[in-house]
Amino acid sequence: MQRMEESDADALALARAGDSEGFRVLVERHSRALFRLAYRMTGNEHDAEDVVQEAFLRAYRRLHQYDQRARFSSWLYRIAANCAFDLLRARRRRDEDPWPEGTEAAPADFPATDPAPDRLVMSAEVKQRVTVAMSRMSAQEKAAFVLRHFEGMSIAEIGQALDLEASAAKQSVLRAVRKVRQVLAPALGEVAP
Amino acid sequence: MTGDATLHPSPDDLVLYHYGEADHPAGLETHLAGCAACQAALDSLRATLSAVRAEEPPERGADYGARVWERLQTRLALSGTGGGRWPGWARGLAPRRLFFTGALAASLLLAFLLGRHSPRPGAEGTSGPVRERILLVAVGDHLERSQVVLLELLNADPKDPLDVSAERRSAEDLLSANRLYRLAAVRTGEPGVARVLEELERVLVEVANGPSELGPEETLALRRRIESQGVLFKVRVIGSQIRERQREAAQGPRKVEL
């Protein structure tokens, strides 16, 4: 990783000097990681591709703002997370919420909740319930939850990535977890605290 | 949760503890060691959260980065055609494009609407699919031109007074076409496109009616407004959808709606 960061610094210096080769190296090196993040946040291949493009465009515009004390990959990651967040917000405003908060998913939407001997059936049910839980989250909650739960970012880092106060990022994660538990608990027999 | 180990932690405290974000983890650990109910609640929470796994993203090949770069350099080049704040290499990549002016776009739009909504029996002239293709090209170019203006403003260095006279002229030019496209989108049942054009219009109005030179504070404020509403991103999304429609329209006789 250290070697990667050193070579990022070389490529970055070239890019900042206006050399396309430097930026090309950075794009080619980090595209796949950004795509994985974008896909996890948007859940959609086409959207993830758009987020990758937008993230590199924003990064290019802000190269002069990059503080070399931070790792370039982390900086880029935060920009991509912010782009995905923008997209989620735009989508959220446009689309109707299929599962408004406070409503319970219809029984027909899930397989039977009785303990199933077949683990595959259980796994499919859990997966379906996770999808429902995610669809009940606001864009901010979903972005914060994905970054915390899947990407392992700290709440402070999430706040930076999404341009939120740390307290707002924390509350978003907590609300998202409540929604996950509300939907998943019946299937998993979770003990109420 | 305070550091008091005698208090039961709330569900939120346990979530934060699980993620390593508890304010007083030591006090909470002491409590958990002596409270079976809270330990069971934590175990249960962990079981639930461990069931939430990320869907594995589709694999991207080793050449993915090169493909991203290929698409990206065209867009960087496009952004560099406006104000000279982009490096020479980016400007040099600019494709030679014929942009429609606002007036021409408007006349195309009117021709399209007249042809589509007031068909004259036996009238000769441009066929429906061809008219639609022309319109798609015009709208696509309009959105790309708008992106250039937005990028110029977003890319501006807020430290210095900024001469935006070129962007202002572009915004004035784009504004009339934008209004017509928005009306067309409403009329043809494209509320998503109409909404994005409406948001774009607000920015264009602000730039077109604003001063030719912005101070650092004004530049920052404008940039924040553009970024907070995600206008550029939405314009890009709609633009890419329209490019997709262009491709479909060029490929076959399938009806393409705007």
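Since every read-out is calculated from the coordinates, none of them should be taken as a lab result. Given the structure is predicted, the values throughout are model-derived calculations rather than measurements. Cβ atoms come from the backbone with ideal geometry, glycine included; neighbour counts cover every protein chain shown.
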Task: Cβ-defined net charge surrounding A:His149, 10 Å radius [Lys, Arg +1; Asp, Glu -1] - done: +2
Open item on the list: With the crude spin-label approximation of a point 7 Å out along Cα→Cβ, what separation in nm comes out for A:Arg71 versus A:Ser123?
Closed with: 3.0
Task: Peptide B:148-157 - average C-beta neighbours from other chains (10 Å radius) - done: 2
TODO: Enter the mean number of other protein chain beta carbons within 10 Å of the beta carbon of each residue in A:143-150, as an integer.
DONE: 2
Task: Mean Cβ count within 10 Å, highest first, over the residues of peptides B:149-155, B:49-55 - done: B:149-155, B:49-55
Open item on the list: Neighbour counts of other C-beta atoms within 10 Å: give me B:Tyr181, A:Tyr39 arranged from fewest to most.
Closed with: A:Tyr39, B:Tyr181
Task: Local net charge near B:Gly210, Cβ-Cβ under 10 Å (Lys/Arg +1, Asp/Glu -1) - done: -3
